[in-house]
Amino acid sequence: MKKLSEMLAEQTGTVSSVTGDVRFISRITSIGLTPGCKVVIVKNEKRRPVLVYARDTMIALNRGECEHIFIQ
């Protein structure tokens, strides 16, 4: 299991869990990143948001958020 921030561009995986407070989990799940969701890393450059493609949507997540999303 890896953190979303540790994945490289063009890697794929499945969200296994999301940790954090209730507000964070609610926000992340409302944009579609729920356990079981398949994701493709589009871009992951240092000091930049991570671009993820999931559920036919491009999502930009900051690095702090990516630390709480685990991928299998």
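The values are calculated or read from the model by the stated rules, or taken from the named source; none is laboratory data. The structure presented is a predicted model; accordingly, all values stated were derived computationally and were not measured. Here the Cβ is made from the backbone with ideal geometry for all residues, glycine too, and neighbour counts use every protein chain on show. Areas reflect the complete protein model, heavy atoms only, side chains present, ligands, DNA and RNA absent. Shrake-Rupley method; radii C 1.70, N 1.55, O 1.52, S 1.80 Å.
Data overview
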read-out	value
Selection within segment 8-33 - under 14 Å from LEU61 (Cβ atoms), surrounded by 13 or more Cβ atoms within 10 Å (Cβ to Cβ) and among the polar types (S, T, N, Q)	THR29
From GLU45, GLU65, residue being open to solvent by 60 Å² or more (accessible area, probe 1.4 Å) and not hydroxyl-bearing (Ser, Thr, Tyr)	GLU45
One residue from LYS3, LYS38 being in contact with a helix residue (DSSP H, G or I) (Cβ under 8 Å, 6 or more places away or on another chain) and open to solvent by 40 Å² or more (accessible area, probe 1.4 Å)	LYS3
